[in-house]
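**Student:** First the structure, which I've put down as structure tokens, then a few questions once you've had a look.
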Ligand code: KG4
Ligand code: ZN
């Protein structure tokens, strides 16, 4: 039996285009953990990457380096943990000098971040936290490294343990960030993880005992939305744009669907495995748009909304069908939905509905919408459950790994 103590955790996340820091206070066991989120700060780079229609890795690296200190300061301030070094200023300056060689080597490749870290450490005292958690992968290597090196520098300077976290495990544990007063979380569980980079069905047999039972063979669900939105000229990021366009259908009886034959495939919905494939959906939209433009030249707002709605429903249908099948076949006690795409209202509503009907005895968990997209609170939650396992505590051992796998 593993006991979990009250822990104050500082987490850093920079796997993609959000610079995030959070402080959470965690207690309780896996069945019903309690997380008090003291702060959860996310600085999005979406405006910077928008003109490129996707995340540009080196721009992300630069922005993370600029944002990490302000985001950390805000996270510590909101948690009441930001304390200026006042009278101890001279002493901390001495300590800084003695540690500066190692700090310099940790931050060697983070040229923009390095002087900012020195200024920060000179000015503020060590906060009252138990340990530091940082996302070490998967993600974009140039984005991951500034976060990892920043966390290593803090762990070294403050002499705190550090734990490297799998970003996907963070999403898995984000499901605890919601009101769940009814049932306990119990294994085995099936988790559908849907984001811009991943579409995976994971069988969770126990803490850290994960089996990947299905995944996309090409595009992720979020990627499908992003690409489809681009074809339809709906903007970036595509997921929220598709959802907004779909919600705008003015007259459901207008007959637009039949007139323009707006029907999209549900790829692999009947295949016997738990895999997905979404790239054909985007191609089908491309052909459909070409056909429509040929016959009537203009892709007006009503038609775009109808296509967005059909695309969203096609993705939702496949995701729900495979998840329910996996949950039934594995006789799970808990089903979870997480990742950026889990913010989609239709997916949330229809999946909750399906779970209620098909799996009435299982617990169904989705995080509150604000915890679906990348954030650091979820990294802290995953770290809380790792902590008793005494995984890497030494800052020297933490490395970013862009291709880190969950199972
Ligand atoms: O988890 P996340 O923030 O980042 C990754 O780890 O990928 O997921 C981002 C993805 C993007 O593809 C975005 O378009 C999608 O989640 N997304 C949505 C919604 N909000 C974000 N997809 C559908 N509906 C939404 N409301
Ligand atoms: Zn993510």
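The values are calculated or read from the model by the stated rules, or taken from the named source; none is laboratory data. Since this is a predicted model, take the numbers as computed values, not measurements. Cβ atoms come from the backbone with ideal geometry, glycine included; neighbour counts cover every protein chain shown.
**Student:** Is there a residue being under 23 Å from residue 170 (Cα atoms) and touching a residue at least 12 places away in the same chain (Cβ under 8 Å) anywhere in the range 261-273?
**Tutor:** no
**Student:** Right, another one. Hey, residue 115 hits all of (1) farther than 24 Å from residue 59 by Cβ; (2) free of Cβ contacts under 8 Å to residues at least 12 places away in the same chain but one; which does it fall short on?
**Tutor:** Condition not satisfied by residue 115: (1).
**Student:** Does residue 346 satisfy the condition of being within 16 Å of ligand 1 (Cβ to nearest atom), more than 18 Å from the chain's Cα centre (by Cα), more than 17 Å from residue 179 (Cβ to Cβ) and assigned to a helix (DSSP H, G or I)?
**Tutor:** Spelling it out, residue 346 is indeed within 16 Å of ligand 1 (Cβ to nearest atom), more than 18 Å from the chain's Cα centre (by Cα), more than 17 Å from residue 179 (Cβ to Cβ) and assigned to a helix (DSSP H, G or I).
**Student:** Sort out for me the helices (runs of 4 or more DSSP H) sitting completely within the range 166-260 that have 1 or more residues that are within 15 Å of the chain's Cα centre (by Cα) and either crowded, with 22+ Cβ neighbours inside 10 Å or modelled with pLDDT of 95 or more (or both).
**Tutor:** Passing ranges, in order: 167-173, 221-232, 238-246.
**Student:** If a residue must be surrounded by fewer than 16 Cβ atoms within 10 Å (Cβ to Cβ), closer than 20 Å to residue 148 by Cβ and out of contact with any helix residue (DSSP H, G or I) (no Cβ under 7 Å at 6 or more places or on another chain), how many such residues does the range 42-73 contain?
**Tutor:** 1
**Student:** Could I ask something else about it? Return a yes/no flag: does the range 25-39 have any residue that is in contact with a strand residue (DSSP E or B) (Cβ under 9 Å, 6 or more places away or on another chain), outside any loop (DSSP other than H, G, I, E, B) and within 16 Å of ligand 2 (Cβ to nearest atom).
**Tutor:** No, the range 25-39 contains no residue that is in contact with a strand residue (DSSP E or B) (Cβ under 9 Å, 6 or more places away or on another chain), outside any loop (DSSP other than H, G, I, E, B) and within 16 Å of ligand 2 (Cβ to nearest atom).
**Student:** Shifting gears a bit: Considering only residues of the range 319-339 that are crowded, with 24+ Cβ neighbours inside 10 Å and part of a helix (DSSP H, G or I), which is nearest to ligand 2 (Cβ to nearest atom)?
**Tutor:** 319
**Student:** Can you report the number of residues in the range 152-165 which are assigned to a helix (DSSP H, G or I) and over 21 Å from residue 37 (Cβ atoms)?
**Tutor:** 6
**Student:** Separate question: Got at least one residue in the range 271-278 being away from ligand 1 (no atom under 14 Å from the Cβ) and either assigned to a helix (DSSP H, G or I) or crowded, with 19+ Cβ neighbours inside 10 Å (or both)?
**Tutor:** Yes: the range 271-278 contains one or more residues that are away from ligand 1 (no atom under 14 Å from the Cβ) and either assigned to a helix (DSSP H, G or I) or crowded, with 19+ Cβ neighbours inside 10 Å (or both).
**Student:** Across the range 349-378, what is the number of residues that are surrounded by fewer than 17 Cβ atoms within 10 Å (Cβ to Cβ) and out of contact with any helix residue (DSSP H, G or I) (no Cβ under 6 Å at 6 or more places or on another chain)?
**Tutor:** 9
**Student:** Given the conditions (1) buried (at least 17 other Cβ atoms within 10 Å of the Cβ); (2) on the phi > 0 side of the Ramachandran plot; (3) away from ligand 1 (no atom under 16 Å from the Cβ), report the number of the one that residue 159 does not fulfil.
**Tutor:** (1)
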